[in-house]
Amino acid sequence: MAHESTGAIYAAAGANLAIAAAKFVGGALTGSTAMLAEGVHSVVDTANQVLLLLGMKRAKKPADARHPFGYGREIYFYAFVVALMIFLGGGLFAVYEGIERVRHPSPDADAHLFGYTVPGIWVNVAILGFAIVAEGVSWVVAMRQFWAEKGKSSAMRAIRRSKDPTLFTILAEDTAALIGLLIAFAGVVLAHWLEMPSLDGWASVGIGLVLVGMAVFLMIETHGLLIGEAADPAVVAAIAELVRAEPGVLHLNEVLTQHLGPSDILVNVSIDMADDLSAGEVESLVTRLDRAVKQRNPDVTRVFIEIQTQADHAMRAAA
């Protein structure tokens, strides 16, 4: 999914750059707090996409003496930083600006362009309309790729099962952005129509709360990946099946897995083997298992096999 995730990130970054410029122009011309909050949101989103691309690049660094298992978790770290930036740079800023506008409401100013006076409401509506279309295109790209990855699982189950945070982070960002744009559109229009400028501020608060909620959700999801998550239960079950099928294995004590990156699974297997096997037969069995596990799931990059009696393993587990 690396190529697909990169495509979604570039699509989102391009859309956000254009949208941010348009929002800031609209906010500067009309004084709309909701527009300025949305502009900051788009800048934060663009920075987030740069961070995700950086994380994907750093995650590809080869293993070295200091990091013998590689740098795959770099992408998890940067995804967590993205969630934190959405919370601080987007959500809290929008809430703060919105509260200030509610406390000190003022109608949107008209824009003066090339010697013409354009009502502020129409400037904001035009820019928000453009932003909704551009963000919608980015959202469709991310949704198509996410839908192709999730298969028959529900969206929430697919997110919780996914070990690649880049795609669902972009999808979450784009979803929050679309919701925020609709809130901004409603706030700008209602503030003008009802002659209640404070509604523009409340729209900014609403945008901030959406971003805070989305950021907390992403923090929870990326936190589990950052500290280490096991492989999908289906992968673990397939490994256990392969091990039990080996004639020389008396008992499978334990299968431990951990994702070192989206496509980098570490496997540790504890087995009790027949006592009458020769050293050469044990070596052949271990080699066969290593190859079989990696062939069954290409994401498995390292397999460690521990030979231990069932009784000793049970005693150690109980200790």
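A few notes on this one:
- Efficiency of FRET between F69 and K294 - r from beta-carbon atoms, R0 22 angstrom, step 0.05: 0.90
- 3J(HN,Hα) from dihedral phi, the range 125-133, Karplus parametrisation 6.51/-1.76/1.60, rounded to Hz, x for glycine, proline: 4, 5, 5, 5, x, 4, 5, 4, 5
- Enclosed volume per residue, in Å³, of the convex hull spanned by Cα atoms of the range 93-224: 119 Å³
- If only the Cβ of Lys and Arg carry +1 and only the Cβ of Asp and Glu carry -1, the dipole of the range 199-319 around its Cα centre is close to 220 debye.
- Rounded to the nearest Hz, the phi-derived 3J(HN,Hα) couplings of the range 296-312 under the Karplus curve 6.51 cos²θ - 1.76 cosθ + 1.60 (θ = phi - 60°) are 5, 9, x, 6, 6, 10, 9, 10, 10, 10, 9, 9, 7, 5, 4, 5, 5, where x marks glycine and proline.
- Its residue count N sets the reference 2.2 N^0.38 Å, and the alpha-carbon radius of gyration of the range 112-174 equals 1.71 times that reference.
- With the largest listed first and rounded to whole Å, the semi-axes of the equivalent ellipsoid of the chain from the Cα gyration tensor are 54, 17, 15.
- Sequence-distant residues sharing a close amide H with H251 (under 5 Å, placed H): D272
- Ignoring the sites themselves, the chain has its longest run without trypsin sites (Lys or Arg not before Pro) in a DSSP loop having at most 14 other Cβ atoms within 10 Å at 153-319.
- For the options A155, A142, A15, a Gaussian network treatment of the chain with springs between C-alpha atoms closer than 10 Å singles out A155 as fluctuating the most.
- Computed over every Cα-Cα pair of the range 5-120 and binned at 10 Å starting from 0, the pair-distance distribution P(r) comes out as 14, 31, 26, 17, 8, 4, 1 percent.
- In plain terms, the chain is cut at each of the chymotrypsin sites (Phe, Trp or Tyr not before Pro) found in a DSSP loop with at most 16 other Cβ atoms within 10 Å, and the longest leftover piece is 115-319.
- Counting DSSP beta bridges with both ends in the chain, the antiparallel % (nearest 5): 65 percent
- Residue-by-residue Karplus 3J(HN,Hα) for the range 249-257, coefficients 6.51, -1.76, 1.60, Hz, glycine and proline x: 8, 7, 7, 8, 6, 6, 10, 10, 10
- Global geometry of the range 261-319, whether rounded, prolate or oblate, following the gyration tensor of its Cα atoms and the 1.5 cut on a/c: oblate
Readers should treat all values here as calculations from the given coordinates under stated rules, not as data from a laboratory. The structure presented is a predicted model; accordingly, all values stated were derived computationally and were not measured. Backbone-built Cβ (ideal geometry, glycine too); neighbour counts: all protein chains shown.
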